[in-house]
Amino acid sequence: TIKKMGRVFFNTRKNIHALDAAYTVLDSDSGKVFMLSSTGGAYSITLPTAPVEGFFCKFIVDENTPTGDITIDAGSAIIDFVMKDPGGNASNSTAGTQKQYIVLHTECTKGDYVNLLSDGTSYYGEAMSAIDDAIDHTAQ
């Protein structure tokens, strides 16, 4: 005989966290989506310096033209970073050279994002922006 099971529902909503000031990301923040604004000016988001395998988070710009640059800082850890600007411009990618920072500049628009994943040794980042040079690995 076949035993019928009832429907099983899982909570599939994302864990959203608004940021508008400096923040130190915790290992327990894995899986979070950070909504970024900079109403108070420029600030930094510090990643764990000892990346944990499987760590993932997403950073989404939640305002058009933020007031100040938002810097994602990996400290002594490193980020391999792939960036695509409008028209397929990949000039902001790290192109095999690992970086400490990802900078979301004031030219960002609402919806620009950065995804970060760790293999336990490095962070790997991918970013998408509607504006050329709005997201980079250096200060402007």
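The values are calculated or read from the model by the stated rules, or taken from the named source; none is laboratory data. Here the structure is a predicted model, which means the values were calculated and not measured. Glycine gets a Cβ as well: all are built from the backbone with ideal geometry, and neighbour counts include every protein chain shown. Areas reflect the complete protein model, heavy atoms only, side chains present, ligands, DNA and RNA absent. Shrake-Rupley method; radii C 1.70, N 1.55, O 1.52, S 1.80 Å.
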Residue ID - farthest from residue 61 (Cα to Cα), chosen from residues in the range 120-139 that are small (Gly, Ala, Ser) and in contact with a Pro (Cβ under 7 Å, 6 or more places away or on another chain): 120
The range 1-23 - residue that is among the β-branched types (Val, Ile, Thr) and either part of a loop (DSSP other than H, G, I, E, B) or modelled with pLDDT of 95 or more (or both) and, of those, nearest to residue 43 (Cα to Cα): 12
Contacts under 7 angstrom Cβ, first residue in the range 55-72 being touching a residue at least 60 places away in the same chain (Cβ under 8 Å) and assigned to a loop (DSSP other than H, G, I, E, B), partner among the hydroxyl-bearing types (Ser, Thr, Tyr) and open to solvent by 30 Å² or more (accessible area, probe 1.4 Å), 6 or more apart: 55/30; 69/106
Subset of the range 57-93 (residues that are under 12 Å from residue 124 (Cα atoms), open to solvent by 40 Å² or more (accessible area, probe 1.4 Å) and at pLDDT below 90): 78, 82
Lone unmet requirement of (1) surrounded by 14 or more Cβ atoms within 10 Å (Cβ to Cβ); (2) over 14 Å from the mean Cα position of the chain (by Cα) for residue 49: (1)
